[in-house]
Amino acid sequence: MHLSYEFRKDNGWRSDKKIRPLLIDRTRMSSIKQQVNNAITALGRETDKAKNVDHKFKALVAKDQDNREIRKRRTFMTPDQFHGSDIDQIKQKAASLVSANRKEGGQPLRTTIISTDWKEETVWEWVDTSKTAKRWRTTQRVTAQVAAKTGDGVRLVTVAIAKDKQSNGQWGSLYGNLHQYSDPMLEENVHKAGP
C-alpha cells in the first residue's frame with residue numbers, strides 16, 4: 001500500500017508556516033479503509049502481509065490526523081477586503097446562514113467579507129426545472145467567512161452571499177449558502193492575523 005498522492009506531494013507546508021498541509025478528504029479515506037479491509041480479509045487477518053497492510057493504513061491515518069492538527073493551528077480568517085456601505089448587512093446575512101445551518105453551522109464568533117467588491121453576472125436561464133420558460137437573471141455575489149463555535153470546537157465556514165436585480169431595477173434581498181466543507185480552527189485564532 002502506497003501513501004496517498006496527497007501526502008507524497010510537498011506543497012511547502014513544512015518550511016512555510018503560512019501554508020497548511022494537504023489532507024486526505026473523508027470520502028477518499030473511507031474508500032481507502034474499505035480497500036484495506038478487503039485486502040486484509042483476502043490475505044487472511046493473521047498473516048504477515050495482512051498485518052503489514054494494517055500497519056501501513058494505521059500510519060496513514062495517524063499522519064492524516066497530525067496534518068489535520070497542524071492545519072487547524074494554521075487556519076486564520078481573511079481580514080475584510082470589502083469596504084462597501086452594505087458590509088454590515090452582508091455580515092449579518094452570512095452569520096444568520098451559519099447559525100441556522102445544523103450540519104456545518106454554529107454560533108458565529110466573527111464574520112469577514114473576503115471579496116473586494118460585488119461580482120456581477122447576467123445569464124439567460126430556465127425559470128424552473130420543467131424548462132417551460134427562460135429569463136435573464138442578473139446577480140451580484142460576494143464571499144464571506146464566518147468563524148463559528150460548534151459542539152466540537154470552532155470551524156471556519158465560507159459563505160456565498162448574493163442578490164438578484166428585480167424587474168424594477170432595484171436589488172432584491174440578500175440570500176446565500178454555505179460551502180460544502182468548513183475548516184476546523186483554534187478559537188484563539190479567530191481574532192488573530194495569520195503568520
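Since every read-out is calculated from the coordinates, none of them should be taken as a lab result. As the structure is a computational prediction, the values presented were derived from the model and not from experiment. Methodologically, a virtual Cβ is constructed for each residue, glycine included, from the backbone with ideal geometry; neighbour enumeration extends over all protein chains shown.
List of remarks:
- Cut-off 15 Å between beta-carbons: net charge of the residues surrounding residue 135, Lys and Arg +1, Asp and Glu -1: 0
- Charge dipole magnitude, Cβ of K and R +1, D and E -1 - region 70-195, Cα centre, debye nearest 20: 300 debye
- Share of pairwise Cα separations in region 5-73, more than 21 Å, in percent: 35 percent
- Acute angle (nearest 10 degrees) that the helix 87-100 long axis makes with the longest principal axis of the chain, alpha-carbon atoms: 50 degrees
- Max mean-square fluctuation residue, GNM over the chain, Cα-Cα springs under 10 Å, options 146, 127, 61: 127
- Compared with the dominant principal axis of the Cα atoms in the chain, helix 48-73 is inclined by about 30°.
- Taken along its principal axes, the alpha carbon cloud of region 87-189 reaches lengths of 49, 29, 17 Å, longest axis first.
- Residue-normalised convex hull volume from the C-alpha trace of the chain: 179 Å³ per residue.
- Positive-pole candidate from 148, 116, 133, dipole of the chain, charges at beta carbon: 148
- Over 20 Å between alpha carbons, listed pairs 93/119; 18/56; 131/163; 51/72; 91/192: 18/56; 131/163; 51/72
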